[in-house]
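Written below as structure tokens is the structure these notes are about.
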Amino acid sequence: MTEFKNVTIAKEANFYFDGNVTSRTIFFSDGSKKTLGIMLPGNYEFTTEVKEIVEITEGELEVLTSEIEGWKKMVKGMQFEVDKNSTFKLKVTKVFDYCCSYIEE
């Protein structure tokens, strides 16, 4: 999917790691939400409250999650999942554009 229709977008951006990671939240009529964001090169660690699916729309990184054994290289067109209430690490090597879906289970 290259575009979203009939959505509401939060005006305020989400900023993390001194602005090296930014995103905007998109709300859908069914109550679900996604974020669209950009990460600058660097090393980051995140925690989750719900299951997340992260789609790489541009860039290059390595990801380490409890679901993946060892660091895994990810590029445009790939995605990874992270369980709820877990931690994941990223090594962003090229500016990383992403779409993150939050899955309430």
*Residues of region 45-83 satisfying the condition of being under 21 Å from residue 25 (Cβ atoms) and exposed (fewer than 14 other Cβ atoms within 10 Å of the Cβ)*: 45, 47, 49, 58
_Cβ pairs under 7 Å, 6+ apart, first in region 37-50 and among the charged types (D, E, K, R), second surrounded by fewer than 17 Cβ atoms within 10 Å (Cβ to Cβ)_ = 45/87; 45/89; 49/84; 49/85
_Matching residues in region 8-44 - criterion: being of a type in the set (A, V, I, L, M) and surrounded by 14 or more Cβ atoms within 10 Å (Cβ to Cβ)_ = 21, 26, 36, 38, 39, 40
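Read-outs: derived from the displayed coordinates by stated rules, not from any lab. In this text the structure is predicted, and so the values were computed from the model without any measurement. Using ideal geometry, Cβ is built from the backbone for each residue, glycine included, and neighbour counts are taken over all protein chains shown.
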